[in-house]
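Student: Quick one: this structure, given as C-alpha cells, is what I'll be asking you about.
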Amino acid sequence: MPEVQALVGFLRARAVDRVIARVDVPGIQVLKTYDPPVTALAGLTVTGVSRHGKFLDLDVSGLHLVVHLARAGWLQWKQALAPAPPRPGKGPLGLRVHLDDGSGFDLTEAGTQKRLAVYVVRDPALVPGVARLGVDPMAAEFTEQLLAGLLAGVRGQVKGVLTDQSLIAGLGNAYSDEVLWQVRLSPFKPAANLSAEDVTRLHTAIVDTLRAATGRAEGLAAAALKAEKKDGLQVHGRAGQPCPRCGDTVREVSFATKSLQYCPTCQTAGQPLADRRLSRLLK
Ligand SMILES: [Zn+2]
C-alpha cells in the first residue's frame, strides 16, 4: 500500500489535467467491467488520483479507472508512448493509457497469476473489492481503540486479521510480516488473546511502518518503487538471511501462492512454525 500511495502522488503530478487520448487493451482479461466501456474515457480529462486500500483510482471527469495491481502487477510511466496500438497477446502488457501530450502509462503483470484487475465505473464503490474494504490504517480513524475492537471481535490468528482487507485495508502480506517482527509477535497468535499492551505496540508499529515506507517511497519514480520496497523490508522476503535484530536465521511458511517470513528467536520463542497450521489462513 505505501507503494500505491506513492504512485498516487506520482500520477497526480503527471496525469491530472491531462486529457486521455486513447486506451489500448491488449490484455483483455485485465478489464473486469464493460459498462461504461473503456473507450468512454477517451476525450475526458483526468481530474484526480486517489487510493482505496491497495486500489488506485483515477477520476476521469466523473468516470473512474480503478486498478488493482495485485502482487505482480505494475504501472510503468512512459514520457513518450509509441502511437501505434500494441498487438494483443500473451505478453505482460494489460492496458495502455495514452494522454494528450504523448505521455501515458502501461499496466503490466509479470508471471502467470493474472490477477491484475482494471475497472471502469461511475462510482469506485461499485468495484467489489473496494466496497468490502475495512479501515485504512493511514487514516485518522485507525485508532488504538478501533484496532483493539477489530482484534477482539474475530476468531483467527493475528497474521490473518492484519491481512484481511475487509478489516484493515492495505496492510498486506509484506508489511504485516514487518509489523509482527517489530513487536515480536508470532503470526499464529490468536488475535483475541493479545494483551492491551500488545495492541498498543501493534498499533504503533503499523502506523510507524506504513509512514516510514510511504516516506521512503514518496518522490521516487514509479520504476524505482518496487526495488525500494524490497530494500526497506527487514524480514519479509528474507528467508535464510540473518535477522537484523538478533542474528537468528529468518524462516518462512509457504502457501500455494505466497509465503510469510518471521524470526523464531524474536517471535516464536525459538520454535519454528509448521506450514500446515496456516494453510487456510491466507487467501
Ligand atoms: Zn530476530
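The values are calculated or read from the model by the stated rules, or taken from the named source; none is laboratory data. Keep in mind it's a predicted model, so treat the numbers as computed, not measured. As a convention, Cβ positions derive from the backbone with ideal geometry for all residues, glycine included, and neighbour counts pool all protein chains shown. The area values use the complete protein model at the heavy-atom level, side chains included, leaving out ligands, DNA and RNA. Shrake-Rupley method; radii C 1.70, N 1.55, O 1.52, S 1.80 Å.
Student: Taking amide H positions as placed 1.01 Å from N in the peptide plane, with prolines and chain starts having none, which residues 5 or more places from Arg22, or on another chain, fall under 5 Å of its amide H?
Tutor: Amide H to amide H, under 5 Å and 5 or more residues apart or across chains, Arg22 pairs with His98.
Student: Treating the angle as unsigned and between 0 and 90°, give the value, to the nearest 10°, between the Cα long axis of helix 2-15 and the longest Cα principal axis of the chain.
Tutor: 20
Student: Calculate how large, on average over all directions, the projected area of the Cα convex hull of the range 1-111 is; give the answer in nm² to one decimal. Don't jump to the answer; show the numbers that get you there.
Tutor: Details: hull surface 25.7 nm².
Projected area, direction-averaged: 6.4 nm².
Student: Same structure again: What figure in square angstrom, to the nearest 10, would you give for the accessible area of Arg184 with a 1.4 Å probe?
Tutor: Rounded to the nearest 10, that gives 120 Å².
Student: A further question on this structure: Of all accessible surface on the chain at a 1.4 Å probe, what whole percent is carbon and sulfur?
Tutor: Details: 6690 of 13070 Å².
Carbon with sulfur: 51 percent of the solvent-accessible area.
Student: Can you give me the distance in nm between label points at Thr39 and Leu126, each placed 7 Å from the Cα along the Cα-to-Cβ direction?
Tutor: Once both label points are built, they end up 1.8 nm from each other.
Student: Give me Rg/Rg_expected for the range 1-41, where Rg uses Cα atoms only and Rg_expected = 2.2 N^0.38 Å with N residues. Mind dumping the intermediate values first?
Tutor: On the way: Rg = 13.0 Å, N = 41, 2.2 N^0.38 = 9.0 Å.
Output field value: 1.44.
Student: Per residue of the range 146-157, in order, report the coupling 6.51 cos²θ - 1.76 cosθ + 1.60 (Karplus, θ = phi - 60°) as ³J(HN,Hα) in whole Hz, putting x for Gly and Pro.
Tutor: The phi angles translate into 5, 4, 4, x, 4, 5, 6, x, 10, 8, x, 8 Hz.
Student: Please list, in chain and number order, the residues 5+ apart from Thr33 or on another chain whose amide H is under 5 Å from its amide H, with Hs placed from the backbone.
Tutor: Val120
Student: What list of ³J(HN,Hα) values in whole Hz, one per residue of the range 61-78 in order, does the Karplus curve 6.51 cos²θ - 1.76 cosθ + 1.60 (θ = phi - 60°) give from phi, with Gly and Pro shown as x?
Tutor: Values per residue, Gly and Pro as x: 6, x, 8, 10, 9, 9, 10, 10, 6, 6, 6, 9, x, 7, 9, 10, 7, 10 Hz.
Student: Further question: Under a 1.4 angstrom probe, counting protein chains only, how are Met138, Met1 ranked by accessible area, largest first? Present the calculation step by step, with values, prior to reporting the outcome.
Tutor: Values: Met138 75, Met1 10 Å².
Highest to lowest solvent-accessible surface, that is Met138, Met1.
Student: For the chain, please report how many Lys pairs fall under 15 Å Cα to Cα, leaving out neighbours fewer than 8 apart on the same chain.
Tutor: Lysine pair count for the chain: 9.
Student: Right, here's the next one. State in Å² the accessible area per residue of the chain; use a 1.4 Å probe, count heavy atoms of protein chains only, and round to the nearest integer. Working shown, then result.
Tutor: Working: 13070 Å² over 283 residues.
Value returned for the chain: 46 Å² of accessible area per residue.
Student: Return the calculated 222 nm mean residue ellipticity for the chain, to the nearest 500 deg cm²/dmol, obtained by summing -39500 (n - 2.57) across DSSP H runs with n ≥ 4 and dividing by the residue count.
Tutor: Numbers: 8 runs with 81 residues, N = 283.
After summing the helix terms and dividing by residue count, I get -8500 deg cm²/dmol.
Student: Further question: What percent of all Cα-Cα pairs in the chain falls in each 5 Å bin, counting up from 0?
Tutor: Result returned by the calculation: 1, 6, 12, 16, 17, 15, 12, 9, 6, 4, 2, 0.
Student: Once fully extended, how much extra length lies between Glu197 and Ala82, figured as 0.36 nm per residue of separation less the alpha-carbon to alpha-carbon distance? Show your work: numbers first, answer last.
Tutor: On the way: separation 115, 0.36 × 115 = 41.40 nm, distance 5.60 nm.
Going from the current span to full extension adds 35.8 nm.
Student: Please give the direction-averaged projected area of the C-alpha convex hull for the range 100-190, in square nanometres with one decimal.
Tutor: Values: hull surface 37.1 nm².
Its Cα hull, projected and averaged over all orientations, spans 9.3 nm².
Student: Using the Karplus equation 6.51 cos²θ - 1.76 cosθ + 1.60 (θ = phi - 60°), what ³J(HN,Hα) coupling, rounded to whole Hz, does each residue of the range 254-260 give in order, writing x for Gly and Pro?
Tutor: Working through the residues one at a time gives 9, 10, 4, 10, 8, 8, 10 Hz.
Student: In the range 110-209, which GluC sites (Glu not before Pro) are in a loop and have at most 16 other Cβ atoms within 10 Å, using DSSP for the loop call? If you can, show how the numbers build up before the last one.
Tutor: Numbers: sites: Glu141, Glu144, Glu178, Glu197; in loops: Glu141.
Hits after loop and neighbour filter: Glu141.
Student: How big is the gap, in Å, between the Cα center of the range 182-249 and the Cα center of the range 51-90?
Tutor: Between the Cα centres of the range 182-249 and the range 51-90 lies a distance of 28 Å.
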